[in-house]
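Following: one structure in structure tokens, then a few remarks.
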Amino acid sequence: MNYKVSGLILFAFLILSAVHVNGQKLKVIDSLKQELTKKHADTLVASTLLEISINYQQFQPDSAMAYANACLKKSLALNYTKGQADAILQIARLKRELGNSAEALTGMFEALALYRQINDQVQIAHSLNDISIIYANDQDYHKSLEYFKQALDIFKQMNDEKGESYALNNIGIIYQELGDIEKAKTYFIQSLAIKKKHHDLYGISRGYMNLGTIAEDNKELEEALAYYFRADSLYEATNDINAQASNFTGIARIKNKQGKIQEAKHYARIALAKGKEVNQLSFMLNATKLLASLEEKDKNYKASLEYQKQYNDISDSLNNENHRANLEELKTKFNFEEKEREIALLKKDKELQEAAAERKTLLTYSLAAGIFLLLVVLAVMYFAYRTIKSKNESLDLKNKEIEEQRNNLDTLNREKDRFFSILSHDLRTPLNSLKGFSYLITQHVHAMTPEELLEMRSRIDMSLDNLTELLNNILEWSMASSQKRKWTFDKINTTELIAKNISLYNPTAENKGIKLLQKSEGELFAYCDYHALNTIIRNLLSNSIKFSHAESDVTITASRTQNSIRISVKDKGVGISAEIQE
């Protein structure tokens, strides 16, 4: 049911984003920053900070979080309730995208309460939508339904038919997840009627798609097919290639269920071509998986094997993208926490300066009294005060240390869970490949040529090598992060170590037609930890081979630079985008 959940999330982005991400995004941000340098009303400054955050949201979440916090600080200083609510809601959305559902939900309820104070019905409805989406993503569909219906009531009261139509659509999706097909269909039809009234082509096409899924779930295949073709005519008119790729996959599924294998293959190939056109790996993955199954059913085992290979390659690429996205997400989170710590330290420093100034003023007035007895009394009182304050401060410090240790422990537990999630995801890639190859060999070994079996064995070896390399890297990381790793510095022959790794990876490189070349100025020695340097060279070579184009060269060079040895690896691969490099 992935198509249903993704439809719900897409609605949230379309309704809640102030400005769509496009090629002019940075120009818009620069223009907004210029506005901040001009003299405007303070509430307009807060609104501008929020708009900058919204524009940053899709490609620089850490900057988006910083500007949202700046908006909140400005609004609190002005006692500007709407600005506070808008900033809190934006921060909550960013936390939701970071996977922190609990804190996001708390922020959304806080924003909802502020909107109710100022009776901002539009933002009340949008806040309820945000809350519903979090419950839906956590599969608490009954809670999600409750808040979606509250949002629907508000849209009806405001005569906002567009908001009403999308709320009806989302309620239909939730009922479909709950298995209440009749109610889901009723809400989809109501939503579609409003979208047709307003000629909302985007909404109409999605409405047909949803009704198609309902019919498909009910095994009403001809009806489902009719809805899918209606949706396709609108996708064609609006040039919505992403939706076409998903829709053609649905048509291929129906044709397969009807036993029309050739037609199913035809539409699955169109879905694959559309997915390639927009470079959407998830669409390509679904299409190749379906094509492999169809070719196998049609007894075209060689074609099935080719599509299975494509499926494995796309799965590897998709997992790599998800892995990089997870790493970027963690990096963003760490950057944001570092900024929060800096802000807290600055605030504490300011408080200390203010406290010092207050004590100085108090001392000046005390000395001005000039009465010896009063000075003695004040001295005694001051001494007692300092003693009590010192004890209280000591107690506060210990309490803060305990609280900080508890927070650190909570953070470590969350990051441990996060790490095991990423680890399990990465381990599935080579294991799924091995499972797929094992299935093909078991079921179709008699239909394969010796050359195909040799190729299959080579791919199995490659998957096992990738799995071994992953486990070695995890072990190295674990030892380093737990500080159990003992570093040993010896005189190492770097030329010999490079040659050893080239020999190790030559078989893998040859499978892709890649030549591994070594350039060194004779034997070069350096003092370093042998295992650490070996791990670095091994990872660099492995990544270069993995991401290089076939029939290309990978060159590793060692050269002397003053008092050090410089080792570099050069390949002709796909490269790394500027955003990820930073």
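The values are calculated or read from the model by the stated rules, or taken from the named source; none is laboratory data. All values reported here derive from a predicted model rather than from experimental measurement. A quick note on method: Cβ atoms are made from the backbone with ideal geometry, for glycine too, and the neighbour counts reach across all protein chains shown. Protein only, heavy atoms only, side chains kept; ligands, DNA and RNA dropped before computing areas. Shrake-Rupley method; radii C 1.70, N 1.55, O 1.52, S 1.80 Å.
Report in % the part of the accessible area of the range 204-281 that belongs to carbon and sulfur, leaving out ligands and nucleic acids; probe 1.4 Å.
47
So if each residue of separation counts as 0.36 nm, and I subtract the Cα-Cα distance between residue 445 and residue 162, what length gain in nm does that give?
96.2 nm
Roughly how many Å² is the accessible area per residue of the range 468-582, as a whole number, for a 1.4 Å probe?
Values: 7590 Å² over 115 residues.
For the range 468-582, the per-residue accessible area is 66 Å².
Based on the alpha-carbon gyration tensor of the range 195-309, what equivalent-ellipsoid semi-axes (square roots of 5 times the eigenvalues) come out, in whole Å, largest first?
They are 26, 17, 9 Å, listed largest first.
Which order do the peptides 391-401, 440-450, 57-67, 109-119 take when ranked by the mean count of other beta-carbon atoms within 10 Å per residue, highest first?
Ranking, from highest mean packing down: 57-67, 109-119, 440-450, 391-401.
Just how many pairs of Lys in the range 165-230 have C-alpha atoms closer than 20 Å, counting pairs that are eight or more places apart or on different chains? Let's see the in-between values first.
Numbers: 183/195; 183/219; 185/195; 185/196; 185/197; 185/219.
Eligible lysine pairs with Cα atoms under 20 Å apart amount to 6.
Cα to Cα, under 28 Å, and not fewer than 8 places away if on the same chain: which lysines meet these conditions relative to residue 515?
309, 500, 546, 570, 572
Taking 0.36 nm per residue of sequence separation and subtracting the Cα-Cα distance, how much length would be gained by fully extending the chain between residue 317 and residue 233, in nm to one decimal?
So the chain would gain 27.1 nm between residue 317 and residue 233.
Rank-order 241-253, 517-529 by packing density, defined as the average count of other C-beta atoms within 10 Å over each peptide's residues, highest first.
Numbers: 241-253: 22.7, 517-529: 13.6.
Packing order, densest peptide first, comes out as 241-253, 517-529.
No solvent, one uniform scatterer per C-alpha: report log10 I(q)/I(0) for the range 118-244 via the Debye equation at q = 0.15, 0.17 1/Å, two decimals.
-0.72, -0.90
Kirkwood Rh and Cα-based Rg: tell me the resulting Rg over Rh for the range 110-163, rounded to two decimals.
0.99
When ligands, DNA and RNA are left out and all protein chains stay put, how many square angstrom of accessible area per residue does the range 98-150 have with a 1.4 Å probe?
Roughly 44 Å² per residue, with all protein chains present.
Can you give the extra length, in nm with one decimal, that the chain gains between residue 504 and residue 371 once fully stretched, where that is 0.36 nm per residue apart less the Cα-Cα distance?
Full extension of this stretch gives 39.0 nm more.
In the structure shown, do any of 265/302; 257/299; 27/276 have a Cα-Cα gap over 19 Å, and if so which?
As for pairs spanning more than 19 Å Cα to Cα, those are 27/276.
Cα centroid distance between the range 184-243 and the range 548-568, in Å?
56
Just to verify a number: FRET efficiency for residue 378 and residue 399, C-beta to C-beta distance, R0 = 25 Å, to 0.05?
Once rounded, the FRET efficiency stands at 0.25.
Take peptides 180-186, 372-378 and line them up by average Cβ neighbours within 10 Å, highest first, as a rough protection proxy.
Taking the mean over residues of other Cβ atoms within 10 Å, the ranking is 180-186, 372-378.
Distance in nm between label sites at residue 241 and residue 358, each 7 Å beyond Cα in the beta-carbon direction?
Result for the modelled spin labels: 6.4 nm.
Keeping the other protein chains in place, figure out the carbon and sulfur percent of the accessible area of the range 38-161, with a 1.4 Å probe.
48
Report, in debye and to the nearest 20, how large the dipole of the range 174-314 comes out about its Cα centre when Lys and Arg carry +1 and Asp and Glu carry -1 on their Cβ.
That gives the range 174-314 a dipole magnitude of about 180 debye.
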